[in-house]
1. Residue separation times 0.36 nm, minus the C-alpha to C-alpha distance between E323 and Q166: what's the value?
2. Sort F335, F302 from largest to smallest accessible area, using a 1.4 Å probe on the heavy atoms of the protein chains.
3. For E316, list long-range residues whose amide hydrogen, built 1.01 Å from N in the peptide plane, is under 5 Å from its own amide hydrogen.
4. Within the set K80/K130; K115/K158; K43/K88; K51/K123; K121/K156; K63/K133, which residue pairs have Cα atoms separated by over 22 Å?
5. Testing the spin-label approximation: label points 7 Å from Cα along Cα→Cβ at A12 and E266. State their distance in nm.
6. Quick one: with all protein chains in place, what share of the accessible area of region 306-409 is carbon or sulfur, to the nearest percent (1.4 Å probe)?
7. Before I look further, what does region 323-408 give for accessible area per residue, probe 1.4 Å, in whole square angstrom?
8. Please state the relative contact order of region 289-410 as a whole percent: Cα pairs under 8 Å, 6+ residues apart?
Amino acid sequence: MSEKEDLAKQKAAAAAKAKAVALARKQAKAESADAEDETDIAKQKAAAAAKAKAVALARKRAKEEAAEKPEDEMDIAKQKAAAAAKAKAAALARKRAKEEAAEKPEDEMDIAKQKAAAAAKAKAAALARKRSKEDATEKPEGEMDVAKQKAAAAAKAKAAALARKQAKAESAEKPEDEMDIAKQKAAAAAKAKAAALARKRSKEDATEKPEGEMDVAKQKAAAAAKAKAAAAAKNRTAVKESEEVIIPNELSPNQSKLDQIVSAIESHVGQGALLEHYINRLSKDVPTLVANPDTYFSIAKFLRYDEQLDFSYLSELHGTDFESHMEIYVHLHSFKMNQSVALKVKLDRESPVIPSLVSLWSGANWPECEAYDLLGINFYEHPDLKRILLGDDWKGYPLRKDYQPYDVEV
């Protein structure tokens, strides 16, 4: 029993010792915290006392220096002190703004920036007005006008710079479509502003000029506008003339083939079979044959079946009303000669009748029907000449120059 009692006593003593140590630690921490608070308070008091002492000392020194310095040096010292105070206040304001910015959310930051910008702008404007008033009291009238112009120019430049800055900031935030609309609105506003300014200046100039000078100015403006229009007309005429087709004088590469075809026709059909023949410079130098109406079919037949010529392909046939006469134009091609040729014939406008070429080229069927339908040209010996675009009861031929609709109201 004695050993068990000794062990229990030892445990109790150890527990009491540990408890005492923990309590001592707790008290030490509490005392250190109190001491730290007292230290902070003491530090703050000491800092405040030092600051107050420094301010008092600075005031004392300023007074002593003011007593020793003349008036001019006093003004300079005041200005320096004011500038230093202003710089210190600005730095303090910036520091506080940064601290507040770190604490505020983004939306509040934007509002705060806008408020600060507005306040700074208002302050700058007030300061500018104050300075302008002070300068106005000191400057004579002539210098005042110059100063006003400079101030207006500076304000205008500052406003333009601020507008550009805001536009850039807004463009960074706006999507592309809104940017385009904003640009258009800005351009329209600028244009309207420029027009209004021009009108204002013209009115001012008009009020300043006497009537005689006004008439002279109007005459000069009219003469300048007339000269400008004449120069533009000359320029257009020069461009038009430069764009005109210049027909070369040298022989066409198809001239020898035209001579060959004409010689063959005159040998086999007759000397008077062709009324005219030439190279059409405006249509890729195509050899062109103008036939006599009596020899039209004979020439076409010779071109189709001659072994040397062999114009086996009819690519085009149409009629034209020249008011003085009708004309048939036929475009043929020879694969053997690798050459095209145009065959023309002039017809009496009152009774345009000509032989059909369907028996030589079947491709002439529908083109001849079209010329009959729209121009009234009659192709005799055509296998089935009829109207293909208009009805059988249609009155007149629409491609004739003197065509008048049967029912004008339709």
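The values are calculated or read from the model by the stated rules, or taken from the named source; none is laboratory data. What you see is a predicted model; the values in this text were computed from it and never measured. Neighbour counts run over all protein chains shown; Cβ positions are idealised from the backbone, glycine included. To get the accessible areas, we keep the full protein, side chains included, count just its heavy atoms, and leave off ligands, DNA and RNA. Shrake-Rupley method; radii C 1.70, N 1.55, O 1.52, S 1.80 Å.
1. Length gained between E323 and Q166: 49.3 nm.
2. These residues rank, largest area first, as F335, F302.
3. Residues meeting the criterion, in which the H sits 1.01 Å from N, are H331.
4. K43/K88; K51/K123; K63/K133
5. Distance between the two pseudo-spin positions: 16.0 nm.
6. Looking at region 306-409 in its full context, I get 46 percent from C and S.
7. 55 Å²
8. 21 percent
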